[in-house]
Each structure stands twice: as structure tokens, then as C-alpha cells.
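The values are calculated or read from the model by the stated rules, or taken from the named source; none is laboratory data. Treat the numbers as computed from the prediction; the structure is a model and nothing was measured. Neighbour counts run over all protein chains shown; Cβ positions are idealised from the backbone, glycine included. SASA here: full protein model, heavy atoms, side chains in, ligands and nucleic acids out. Shrake-Rupley method; radii C 1.70, N 1.55, O 1.52, S 1.80 Å.
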Amino acid sequence: MAKVAIMGYGTVGSGVYDIIKNNADRLSRNANGEEIELKHILDIRDFDDHPEKELFTKEFNDILNDGEVSVVAEVMGGLHPAYEFTKSLLEAGKSVVTSNKELVATYGTELLEIARGKNVNYLFEASVGGGIPIIRPMHQCLTANNILKIAGILNGTTNYILNQMIKNGKPFETALKDAQNKGFAERNPAADIEGHDACRKIAILASLASGKMVDYNDIDTEGITAVTLDDVKYADEMDAVVKLIGYAEFDKDGKVYSIVSPMVIKKDSPLSGVDGVMNAIMVTGDCVGDVMFYGAGAGKLPTASAVVADIVDAVKHSERSKKIFWEKPSENIMADRDSKKFSYFVRTTDSAENVQKIFGKCEFVDNIVDNESAFVTSPLTRSEAEEKLEKLSDVVTNIRVMA
Ligand code: HSE
């Protein structure tokens with residue numbers, strides 16, 4: 001019998017509870033016959049009407065000091081006290097599984113090191129892509145490859161919002177409210193719409209791919225707050241859509257170029273058809289070529305599905321650490337922001353004649369809004385783009401175009 005605990009009884013925590021209760025037989029079968037028993041649920045709120053209210057505690061030490069508990073699911077989110085709790089649990093020789101991308105992106109290097117030292121597991125399948133298997137496939141199934149590129153729709157909330165704008169013409173604020181009501185958004189939705197959530201997720205994937213910690217503070221991050229209904233209409237005119245993309249490219253010298261930004265994506269790309277709260281991650285390996293992972297990127301049961309899979313894995317491997325690992329680099333591994341060129345979709349009230357003088361060869365898009373020029377530039381570095389955009393009388397929009 002393996003005894004486990006849940007820390008945080010929010011959307012994901014209650015999903016973990018439901019799955020442990022509803023799929024008990026299956027979980028036990030998959031954990032080499034070990035029954036999985038839930039012993040504690042930590043939450044600061046009262047759950048007096050809960051059918052198993054005796055499981056609830058407000059005392060972290062009830063879990064830490066319980067020698068029977070071997071695996072803990074940290075689904076409370078945020079950095080503190082999740083970091084302190086996780087560190088204490090790993091140091092006490094308990095495995096921890098988590099959906100907390102902020103914690104993994106910030107303290108993952110240290111927590112993985114502690115887990116390795118204690119021969120326990122720190123697993124985080126649910127931290128990227130919700131229910132999509134991506135961490136384990138990258139670590140195991142793609143292990144023969146040098147990863148060349150990762151491009152993903154990594155945030156369900158922003159994808160849901162953009163999709164509502166594109167498909168139903170809904171304004172941004174209404175679409176965001178819908179996403180919050182459906183339980184997809186972060187407690188502070190600024191983390192979603194400003195791109196920080198996607199940034200932490202691409203940092204985790206890039207760290208996994210390169211074996212060196214990619215610090216999310218070093219990733220240029222732009223959210224979707226500046227994307228308008230007119231922008232998505234223009235994209236449609238170009239047979240394309242606008243998506244928030246987390247992107248990382250790896251060169252043979254170990255340098256990583258990474259960015260989070262809205263991008264115009266042609267409708268013939270598989271990423272363009274990823275709708276609603278779905279996520280998709282395209283990984284390019286030097287042996288396998290392109291592989292795409294697709295599924296529900298947020299929500300109660302999809303995310304809990306990945307957390308519970310990690311619980312089962314931790315129970316199965318209670319005697320050994322799984323060696324998912326990256327280390328702190330001794331030197332800067334981030335590539336210069338000008339090492340990558342993008343074309344840009346630009347809208348300005350400046351004349352087409354001026355646009356051509358400044359940008360040279362570019363592709364004009366038929367006007368949707370009167371008295372403006374809309375065009376796609378040739379590929380430019382960020383500095384080249386900034387220099388040219390500065391020369392326009394104004395810039396209504398500039399969005400990268402995914403090659
Ligand atoms: N707020 C996140 C999203 C939840 O919308 O993708 C899943 O990480």
C-alpha cells in the first residue's frame with residue numbers, strides 16, 4: 001500500500017482526488033499491484049461538507065512528519081510556500097509530483113538535484129501542456145535525438161481567447177472572462193495574457209532539451225494584450241491565424257534562442273488548427289524529424305491525469321530516482337536576440353510609398369481598415385525590424401510571422 005498526500009485542493013487538486021477515488025483499481029494495476037491510498041489533503045480552507053473531511057489538514061507538518069506518506073502531489077501553485085514545502089519533503093526522502101510550472105521553471109534545477117541526492121523523484125509532467133504527455137516523451141522516447149527546435153501553443157487560456165476572437169468575433173475581455181469561468185486561467189490571469197505562463201513552460205522544455213537550465217528571465221516575452229480583432233481579421237485575409245507561440249531553437253554549440261510571442265501562422269501549419277483550450281507542441285529532433293504532441297492544455301481532469309500518472313510512476317520507482325535532470329550552465333547559453341530572423345506583419349497609417357522606401361521588398365495585404373497600409377516584411381533581425389519600424393510615422397501592429 002502506497003500512501004500519498006495532496007497539497008492544494010483547487011481545480012487540479014480536486015481532480016487528483018477524483019481520479020484516485022474513481023480509478024483506484026486501474027491505478028493499483030499500473031503501480032505493480034500497489035494500492036494507492038490518499039492519507040492527507042493540505043489546504044488552508046475548510047471543507048466541512050466534503051465526504052472525506054477527515055483527510056483535510058491545515059498543517060504541512062502532518063504530511064512532512066508522516067513516515068507512511070511516500071509521495072506528495074504539490075498542486076497548490078505559486079512559489080511560496082510551495083518551494084519550501086517541496087524542498088522539505090524531498091529532503092525527508094519523499095517523492096513529489098507537481099503541476100507547478102512556476103516552481104519547476106524557477107527552482108527546478110535545485111529541487112531535481114535534491115531529489116537525485118535523496119534517490120527519490122521530483123516529477124512534473126503536468127507542468128507543461130496539462131494532460132499532454134510531453135516531459136516523459138522528450139526525456140525518454142526522444143532521447144536519441146539532438147533537439148533542434150520546439151514550437152508550441154503552451155497556454156490554453158490565451159489560445160481560447162484568440163480562438164473566440166477569430167471564430168466568434170468576441171472581444172478580448174469577454175473571452176478572458178469565459179476562460180476564467182471555465183477554470184483555465186491562472187489566479188492572476190496577467191500570467192496568461194502577458195505570456196509569462198507560456199514563458200515558464202518553454203523554459204522547462206528548453207532546459208529539458210538542452211540539459212542546461214534555461215532561465216525564463218532571459219526569454220523575450222510578449223503576450224496577446226495588444227492583439228486586436230482587426231489583427232485576426234487581417235490574418236484571416238492572409239489565410240493565417242494569430243497564436244501565442246513559445247519557441248526555442250538549439251544550435252550545435254549549445255546556444256539556445258528562445259522567445260514567447262504572438263505569431264501569424266499560415267493555415268497549412270498543423271499548429272494553426274489547434275483550437276480552444278487545446279495545446280500543441282511541435283518538437284524537431286535530428287533523427288526523428290518533426291513530432292507533434294496535442295491535447296487538453298488546461299482544466300481539472302486533463303491536468304490531474306498527468307499528476308496522477310506521475311504519482312503512479314513515483315510509486316513504481318520508489319527505490320530509484322528517474323534521472324530527469326538539467327544543470328546550471330557555467331556560462332551564458334542564450335543566443336543573441338538578433339541571431340534569428342522573422343518576417344513581421346505590420347499595420348501603419350503611413351503611405352505604401354513610405355513603407356516601400358523603408359522596408360524595400362514587402363508583401364502588401366488588402367486593407368480591412370481604411371487609410372492604413374498592412375504588409376509583411378522580408379525576414380529581419382529584431383534590431384533591423386526596430387530600426388525600420390521607428391522610421392514609420394506610426395505602428396498600429398507588428399506581429400512576427402512564423403516561417
Ligand atoms: N493557465 C494555464 C493555461 C493553465 O491556460 O494554460 C495550465 O497550465
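Observations on the structure shown:
- In this simple spin-label model, placing a label point 7 Å from the Cα along the Cα-to-Cβ direction at both H317 and Q180 gives a separation of 3.9 nm.
- If you bin all the Cα-Cα distances of region 245-357 at 10 Å, starting from zero, the percentages per bin are 9, 24, 32, 24, 7, 3, 1.
- When region 237-283 is reduced to its Cα atoms, the Kirkwood hydrodynamic radius in Å: 12.1
- Sites matching trypsin sites (Lys or Arg not before Pro) across region 116-187 that sit in DSSP coil, with at most 12 neighbouring C-beta atoms within 10 Å: R187
- With every protein chain in place, the chain: carbon and sulfur % of accessible area (1.4 Å): 46
- Accessible surface, per residue, of region 203-362 when the full set of protein chains is kept, probe 1.4 Å, Å²: 43
- On the basis of the beta-carbon distance and an R0 of 60 Å, V288 and D48 show a calculated FRET efficiency of 0.70.
- Cα gyration tensor shape for region 137-296, rounded if a/c is under 1.5, else prolate or oblate: prolate
- Alpha carbon centroid spacing (whole Å) that separates region 292-371 from region 161-234: 10
- The chain: DSSP helices with Cα axial extent of at least 20 Å and average Kyte-Doolittle hydropathy no lower than 0.0: 196-210, 300-316
- Along region 53-69 the Karplus relation, 6.51 cos²θ - 1.76 cosθ + 1.60 evaluated at θ = phi - 60°, assigns HN-Hα couplings of 4, 5, 6, 7, 9, 9, 9, 4, 4, 4, 7, 4, 8, 8, x, 7, 6 Hz to successive residues, with x for each Gly and Pro.
- Computed with a 1.4 Å probe over protein heavy atoms only, the accessible surface of region 65-136 comes to 30 Å² per residue.
- Seen through its C-alpha gyration tensor, with square-root eigenvalues sorted a ≥ b ≥ c, region 225-311 comes out oblate because a/c lies at 1.5 or above while a/b is not bigger than b/c.
- For region 31-64, the residues whose backbone nitrogen is under 16 Å from a point 7 Å from the Cα of E84, taken along Cα to Cβ, are 43-44, 58-64.
- Label-point separation in nm, C141 to K252, each point 7 Å along Cα→Cβ: 2.8
- Evaluated at q = 0.08, 0.12 Å⁻¹, a Debye calculation over the C-alpha positions of the chain (equal weights, vacuum) places log10 I(q)/I(0) at -0.45, -0.93.
- Too-long pairs where the Cα-Cα distance tops 27 Å, listed order kept, from K182/K341; K21/K94; K267/K391: K182/K341; K267/K391
- Of K58/K323; K201/K361; K87/K212; K58/K87; K3/K322, those spanning more than 24 Å from alpha-carbon to alpha-carbon: K58/K323; K201/K361
- Assuming charge only on the beta carbon of Lys and Arg (+1) and of Asp and Glu (-1), the dipole of the chain about its Cα centre is about 860 debye to the nearest 20.
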